[in-house]
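The values are calculated or read from the model by the stated rules, or taken from the named source; none is laboratory data. From a predicted model like this one, the values you see are computed outputs, not experimental measurements. Every residue, glycine among them, receives a Cβ derived from its backbone with ideal geometry; neighbour counts consider all protein chains shown. Surface areas here come from the heavy atoms of the whole protein model, side chains and all, with no ligands, DNA or RNA. Shrake-Rupley method; radii C 1.70, N 1.55, O 1.52, S 1.80 Å.
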Amino acid sequence: MNTSVNLSGLELSNPVIPAAGTFGYGAEFAALYDLDCLGSFVMKSATALPRFGNPTPRVAECPAGMLNAVGLQNPGADAVIAEELPKISTFFRKKVIANVSGFSIEEYAETCAKFDAQAQVGLLEVNISCPNVHCGGMAFGTDPAAAAAVTRAVKAVTAKPVYMKLSPNVRDIAEIARACEDAGADGVSLINTLLGLRIDLKTRKPVLANRTGGLSGPAVLPVALRMVCEVYDAVRIPIIGMGGVSSAEDVLEMLLAGAAAVEVGAANLTNPFACRDIVAALPEAMRKYGINDLKEIIGGAH
């Protein structure tokens, strides 16, 4: 039974990848289980300079999910490279995925070039879809021309595969994906979180200091599957699918929709063993549904 998948030449033993912002830099999870069971993991999103993030409260619960407005808190790319990557090498023997955010095209290119030079990084995920910053992020991912411009700038300074992380908060996500493909992207990742709002009945004000936040969790799985399906029909480059995945069966659905690999996000925050358990459950789920090789079912629902 073959669980391996391939992302633009990066071979993964299985398609399960913890998503950016839900796994830190892996150390806390490495204290709980052997992370080498994972296909890879995505480091917390990095920007050129350190960011404190948004004011608190940053998280709000909701049925079948959660809202977050963390705002890309991170120590900056240089600190991640100097401090976090060496630590990762002590407990993870595979390539990691670097998630990069920015506030200008030049910043995206500069930061991606730094991570591209790191031997431990196997793939770059360029976040043009964060809904929780007031400039940059999603501002680049909601316009095809802007998404293409970031893609071209990053590809000009990198040699490793570049996957553009797309926002669901758009009229036509397939149009954005096509623009990235035409600009040279090796793949796309989708979906990032959906914009949402919660109101405190006692104060009659939004719960989050940022007012709105990104909705993640099981509630968004059907939306994510629909968008992965649409993008699979629109492009020929690989897709990393994400959004509400919390079981081996969800992984299989994502692959049938068209994903070549799958990221798991909010599930890590409610169960720190979520990714380990999904990996362990995959072979039995494959047997149950008569699947011998995961590569053979990618896009199988089309």
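In the range 153-173, which residues are of a type in the set (A, V, I, L, M, F, W, C) and either over 15 Å from L225 (Cα atoms) or open to solvent by 10 Å² or more (accessible area, probe 1.4 Å) (or both)?
Matches in the range 153-173: A153, V154, A156, V157, A159, V162, M164, V170.
Answer with yes or no whether A98 is touching a helix residue (DSSP H, G or I) at 6+ places or on another chain (Cβ under 9 Å), open to solvent by 30 Å² or more (accessible area, probe 1.4 Å), under 20 Å from I191 (Cβ atoms) and small (G, A, S).
When the stated conditions are applied, A98 does not pass them.
Cβ contacts < 8 Å: first residue aromatic (F, W, Y), restricted to the range 272-291; second residue at pLDDT 95 or above, any location; separation 6+ or different chain. Result?
Listed by first residue and then by second, the contacts come to F273/L32; F273/Y33; Y289/L252.
Does P18 meet the test of being open to solvent by 30 Å² or more (accessible area, probe 1.4 Å), modelled with pLDDT of 95 or more and closer than 24 Å to C112 by Cβ?
When the stated conditions are applied, P18 does not pass them.
Show me the strands (runs of 3 or more DSSP E) entirely contained within the range 1-94 in which 2 or more residues are within 23 Å of L190 (Cβ to Cβ), of a type in the set (A, V, I, L, M) and within 19 Å of the chain's Cα centre (by Cα).
Output list reads 5-7, 10-12, 16-18, 65-68.
If a residue must be buried (at least 18 other Cβ atoms within 10 Å of the Cβ) and in contact with a Ser or Thr (Cβ under 8 Å, 6 or more places away or on another chain), how many such residues does the range 73-93 contain?
Matching residues across the range 73-93 total 2.
Considering the range 174-183 alone, what residues qualify as being open to solvent by less than 30 Å² (accessible area, probe 1.4 Å) and either over 23 Å from V245 (Cβ atoms) or not in a helix (DSSP H, G or I) (or both)?
A179, A183
Quick test for you: out of T3, T56, pick the one residue that is out of contact with any Gly (no Cβ under 8 Å at 6 or more places or on another chain), farther than 23 Å from I240 by Cα and of a type in the set (S, T, Y).
Result of the check over T3, T56: T56.
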